[in-house]
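Have a look at the structure below, then the notes.
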Amino acid sequence: MTLTDPAKSAAGSTQRRWRPGALEVLTVGMLAVLVGQRWIVGLFDSPRLQAGATIFVSIIVQALPFLVVGVVLSGAIAAFVPATFWQRVLPKKPGLAVPVAGCAGAVLPGCECASVPVAGGLIARGVAPAAALAFLLSAPAINPIVIISTVVAFPNDPMMAAARFLASLAAAVVIGWLWLRLGNDSWIRMPRRDHLVGNTDWHTFRLTATHDFLHAGGYLVVGGLTAAVLNVVVPRGILQTVADNPVLAVVAMAGLAVVLSICSEADAFVAASLTEFSLTSRLVFLVVGPMVDLKLIAMQSGTFGRVFATRFAPTTLVVAVLSAVLVGWWLL
Amino acid sequence: MVAVKREVQGVLLILVGGAIARIVISGAYINYVKPSMKPYLYVSAAILLALGVLALYDAVRAPRTNVARVGAGAGHDHDDGHGHGSMGVAWLLLLPVAAVFLVAPGPLGAYTATREASSVSQPKAGELMPPLPPGDPVPVPLDSYATRAVWDDGRTLEGRTVELIGFVAPSPEGDGWQLTRLALACCAADTVPVKVQPVGDVPDLPANTWVAVTGRYQPGGGTQSATAVPWVEVDRIVPIQPPAEPYL
């Protein structure tokens with residue numbers, strides 16, 4: 001048992017009464033689960049629970065590669081990119097850095113799961129929070145893969161992709177500016193990262209990537225679980241009755257985007273399938289989804305702190321809806 | 001809350017990486033995401049396993065000497081500035097691992113399909129439907145059949161005998177069943193059903209039975225609407241093995 005020895009010696013070194021270490025709990029738990037497997041599987045007999053479990057696993061499996069790319073990028077930013085790089089690349093004036101960072105979101109192909117750790121890594125490297133937040137919001141919404149998938153999903157409405165790009169970028173930049181005016185950087189409670197500095201750059205990279213993956217991954221599970229439960233509990237029929245009222249339709253689509261927590265690379269296909277709804281209300285769905293959803297709120301409060309998330313998510317929701325409605329009214 | 005030590009971090013990473021590797025190797029991943037995700041899942045699993053093994057290596061090689069240099073990372077995570085155990089959330093990663101190894105939930109089917117109206121994708125405006133390939137009967141994917149029937153008034157289906165594959169899902173109206181497939185854009189959270197109504201001599205079959213239906217296009221299911229359910233006049237219905245890829 002070479003694995004448990006260090007655990008015990010580490011516990012001993014802190015001069016505390018012996019209590020079961022995390023590794024022991026994990027081992028016992030896994031044994032218990034193996035013994036009880038038959039009973040656990042029996043619980044999942046109902047088709048509704050089966051469907052919920054499938055949706056839960058699929059959200060996690062779909063998001064994991066993007067999360068891995070995100071934490072590898074954030075690890076690389078922490079380990080290999082000197083802090084001075086960002087001061088050179090981004091304009092000195094924060095008011096100008098916000099739109100630049102927002103447009104930079106157009107080049108990172110990834111979904112929202114990737115951009116949370118990347119934005120966290122940027123703030124930890126001294127990038128102005130307003131600029132990092134503009135990037136956080138724009139990257140998953142306007143990157144090439146997302147825009148192309150929107151074009152493909154709406155073959156008869158070519159303006160949809162353009163409207164999505166404009167409305168998302170506008171919302172991201174407005175939020176960045178709002179943060180400069182009204183926000184307070186002390187609301188962001190980033191975990192200290194000095195324990196993630198290793199012996200070498202390569203070691204720092206590993207420590208940061210490991211930490212960010214376990215952290216963001218845990219919150220991804222929270223969001224995926226919530227989305228899966230709501231997916232099988234909320235009857236879709238309710239939606240069709242509200243589709244006829246233009247105001248209700250916008251509210252419903254914004255709510256649906258928050259609840260479903262679909263990856264931004266897939267949401268265009270879902271929006272395209274909701275044909276009862278007006279194009280503008282579906283644009284609201286596409287603009288809100290990558291910026292505010294259950295999975296993201298959980299991941300953001302994990303990365304930036306709860307104080308931040310309770311202010312940031314509602315504000316973003318309002319700005320995103322307004323931006324989408326205005327652009328939709330203009331272009332669609 | 002229990003803080004997450006280096007060696008536990010390693011075990012968690014290996015479990016998650018192992019779960020991903022398992023569903024890719026066993027092929028179960030196509031129940032959850034598109035087949036094209038395969039290489040990305042392999043790479044993700046490899047990265048997670050490597051990070052996990054290296055974290056264990058750190059913990060085993062230098063459980064105490066590391067403390068000074070790695071700060072609180074190796075020795076006492078409860079002091080690492082997160083507040084107490086905010087990394088405890090990492091434990092939740094055991095949930096998908098358990099779901100994959102113990103429950104191994106199968107593909108979505110009739111339950112999901114009956115909750116939603118059919119969704120027939122519309123071809124680009126002015127784009128002509130290509131004629132069906134030769135063959136009698138000619139195998140036609142269910143979504144292609146529905147699109148040809150609904151958005152092209154079945155023009156390209158006239159006079160042809162087609163073979164459609166799908167599973168049995170009870171009609172939302174309550175009597176009979178519809179030949180159904182779930183179309184997946186990205187992951188199983190976003191599936192939409194495509195449904196075709198078999199008409200004529202249709203036997204009762206249990207939900208989720210996979211069948212091959214041989215028959216001919218029959219107008220009557222409604223056209224020019226994404227939620228229309230086109231008809232197929234049945235010649236023959238044969239139960240089949242589920243296809244390798246559960247979703248369209």
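The values are calculated or read from the model by the stated rules, or taken from the named source; none is laboratory data. If you're wondering where the values come from, they're calculated on a predicted model, not measured in any experiment. So basically every Cβ, Gly included, is an ideal-geometry build from the backbone, and we count neighbours across all protein chains shown. Keep in mind that these areas ignore ligands, DNA and RNA; they rest on the heavy atoms of the full protein, side chains included. Shrake-Rupley method; radii C 1.70, N 1.55, O 1.52, S 1.80 Å.
Of note:
- Per residue value of the accessible surface for chain A (all protein chains in place, 1.4 Å probe), Å²: 41
- Sites A:Leu96 and B:Glu173 - FRET efficiency at Förster radius 60 Å, r taken between beta-carbons, to 0.05: 0.50
- Of the accessible area of the protein assembly as shown, computed with a 1.4 Å probe over protein heavy atoms only, carbon and sulfur atoms account for 65 percent.
- Scanning chain A for DSSP H helices at least 30 Å long along the axis (C-alpha atoms) with a Kyte-Doolittle mean no lower than -1.0 picks out A:47-80, A:159-182, A:201-233, A:306-331.
- At an R0 of 41 angstrom, the distance between the Cβ atoms of A:Trp39 and B:Gln224 translates into a FRET efficiency of 0.20.
- Solvent exposure ordering (accessible area, 1.4 Å, most first) of B:Lys38, A:Lys93, B:Lys124: A:Lys93, B:Lys124, B:Lys38
- Neighbouring Cβ atoms from other chains, within 10 Å of the Cβ of residues in B:97-103, number 6 on average.
- Counting only DSSP beta bridges with both residues in chain B, the antiparallel share comes to about 85 percent.
- Minimum 50 Å² accessible area buried by the other protein chains, region A:30-66 residues, probe 1.4 Å, relative to alone: A:Thr54, A:Val57, A:Ser58, A:Val61, A:Gln62, A:Leu64, A:Pro65
- A 1.4 Å probe over all protein chains sorts B:Val162, B:Val192, A:Val222 by accessible area into A:Val222, B:Val192, B:Val162, starting with the largest.
- By the Cα gyration tensor, region B:199-248 has an equivalent ellipsoid whose semi-axes, rounded to whole angstrom, run 21, 16, 10 from largest to smallest.
- Across the protein assembly as shown, Cα-Cα pairs more than 40 Å apart make up 31 percent of the total.
- Computed across chain A, the Kirkwood hydrodynamic radius from all distinct Cα-Cα pairs reaches 21.3 Å.
- Checking the Cα-Cα distances for A:Lys93/B:Lys38; B:Lys5/B:Lys34; A:Lys295/B:Lys5 against a 32 Å cut-off, the pairs over it are A:Lys93/B:Lys38; B:Lys5/B:Lys34.
- For region A:38-158, taking Cα atoms only, Rg and Dmax work out to 18.9, 61 Å respectively.
- Seen from every direction in turn and averaged, the convex hull around the alpha carbons of region A:110-174 projects onto 4.2 nm².
- A:Asp212 accessible area, assembled protein chains, probe 1.4 Å, Å²: 10
- For chain B, radius of gyration divided by Kirkwood radius, i.e. Rg to Rh on alpha-carbons: 1.19
- Over region B:111-239, volume per residue of the alpha carbon convex hull, in Å³: 108
- Trypsin sites (Lys or Arg not before Pro) restricted to DSSP loop in region A:22-117 with at most 12 other C-beta within 10 Å: A:Lys92
- Placing a pseudo-label 7 Å from each Cα along the Cα-to-Cβ vector at A:Cys103 and A:Val89 gives an inter-label distance of 1.5 nm.
- Chains B and A, summed buried accessible surface - 1.4 Å probe, Å², nearest 100: 6500
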